[in-house]
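> Sending over a structure as structure tokens; questions will come in a sec.
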Amino acid sequence: MSNSYVKTFLGPNILPYFDDDDTVEIYTNRNSLWIDSFSKGRLDTGIKIDDQTIEGVISAVAGEVQVTIENRLSANYEPLNCRFQGQFSRNITDHPSFTFRKRAKKLITLDMYLEQNRITQAQYDFLIQAMAERKNIVIAGGTSSGKTTFAQAILQEIAIRHPKDRIGILEDTPEIKVEFNDFFDFHTSKGDHKNPPYTLDDALFDSLRMTPDRLVVGEVRDSAAYTVMDAWNTGHNGGILTIHANSPKLVLRRIHDLIRMRYEKGEFNSMIGDSVDIVVYMAKVGDISRKVHSIISVKGYDETQKKYITVNECVEG
């Protein structure tokens, strides 16, 4: 970790959390510093941080990534290997705040999920078979439910069991760090005065011409969901998609709603039912966070009854 104003503002009490592999997020809650850890969930560290220091951190990050800020800042902050979000304008908040979302230094494997009771043996075996059969898997959950971390665990398993597969990884912010023998990765860009924006749709368009065996997309937030479904439905099997949804039953509807953001007319339920094979839903179950809550197989869409045909494979771990 190189010397920087960001490091100076954070100080020696906060910086160790960035080196702790168990820590997922470091964030402020009013004038308290909290963390979100893989093993224990959200915790108050007991460290106090005043508004001036919080604003100093945000300004220092903006300076280092060379971005002018007004009310808020979203940035990819490489020196700490994090995704950064900060707000400090009095127009939008009473207290400034920041969140550092860490990218995993240490990969959490599927075996580790099993050892920590975050997945059952039945769920584990089912997913191993699904990978071998090149099923298209949607990993869903709420905010900070561990979607990306679990996607990495699945990909790590694919890398070990199917090392000859060519993988295409597409993201808004680069977070997935699994290394394959044969892969490429694209991430979106908002563009600037020299370069046009590069959207997830652009990345999908380009990637389909690079002959991937499996297409991994995280996280879909817009109508690019249509392009993913179309790709999965036209020969690019064995893919992974992460998406935000508030319950297992709402995942497929969420995909449909995202497609409708661009295509107001048309019926897309059958396309989704034919494209998605498996939904894995991540959630907190009891005292354990970032756990596989349920796995659903999707068998199509019933046009007569106007509903998806699904089977609950493994309801709760």
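The values are calculated or read from the model by the stated rules, or taken from the named source; none is laboratory data. Note that the structure is a prediction, hence the values are computed from the model and not measured. So basically every Cβ, Gly included, is an ideal-geometry build from the backbone, and we count neighbours across all protein chains shown.
> When residues of segment 150-175 are filtered for being surrounded by 22 or more Cβ atoms within 10 Å (Cβ to Cβ) and out of contact with any helix residue (DSSP H, G or I) (no Cβ under 9 Å at 6 or more places or on another chain), how many remain?
Of the residues in segment 150-175, 3 are surrounded by 22 or more Cβ atoms within 10 Å (Cβ to Cβ) and out of contact with any helix residue (DSSP H, G or I) (no Cβ under 9 Å at 6 or more places or on another chain).
> Being among the polar types (S, T, N, Q), in contact with an Asp or Glu (Cβ under 7 Å, 6 or more places away or on another chain), in the same structural domain as D213 (by TED's automatic domain parsing) and modelled with pLDDT under 95: is that true of S247 here?
In short, no.
> I'm checking my understanding of the structure. Among residues of segment 265-287 that are of a type in the set (A, V, I, L, M) and touching a strand residue (DSSP E or B) at 6+ places or on another chain (Cβ under 6 Å), which one is modelled with the lowest pLDDT?
V285
> Check off (1) exposed (fewer than 15 other Cβ atoms within 10 Å of the Cβ); (2) out of contact with any Pro (no Cβ under 8 Å at 6 or more places or on another chain); (3) more than 20 Å from I240 (Cβ to Cβ) for D206 and give me the number that stays unchecked.
Unmet condition: (3).
> When segment 29-57 is examined, which residues are found to be touching a residue at least 12 places away in the same chain (Cβ under 8 Å), hydrophobic (A, V, I, L, M, F, W, C) and within 20 Å of P12 (Cβ to Cβ)?
L33, I35, I47, I49, I54, V57
> List pairs: first in segment 200-222 and in the same structural domain as F186 (by TED's automatic domain parsing) and more than 24 Å from G146 (Cα to Cα), second modelled with pLDDT of 90 or more and part of a loop (DSSP other than H, G, I, E, B), Cβ under 7 Å, 6+ apart or cross-chain?
Once the first residue is in the same structural domain as F186 (by TED's automatic domain parsing) and more than 24 Å from G146 (Cα to Cα) and sits in segment 200-222, its partners that are modelled with pLDDT of 90 or more and part of a loop (DSSP other than H, G, I, E, B) give T211/R166; P212/R166; D213/D165; D213/R166; D213/G238.
> Only one of these conditions is not met by T93: (1) more than 24 Å from V276 (Cα to Cα); (2) of a type in the set (V, I, T); (3) crowded, with 18+ Cβ neighbours inside 10 Å. Which number is it?
(3)
> Which ranges mark the strands (runs of 3 or more DSSP E) fully within segment 220-317 that have 3 or more residues being of a type outside the set (D, E, K, R) and touching a Ser or Thr at 6+ places or on another chain (Cβ under 9 Å)?
The strands (runs of 3 or more DSSP E) meeting that bar are 278-285, 288-302, 307-314.
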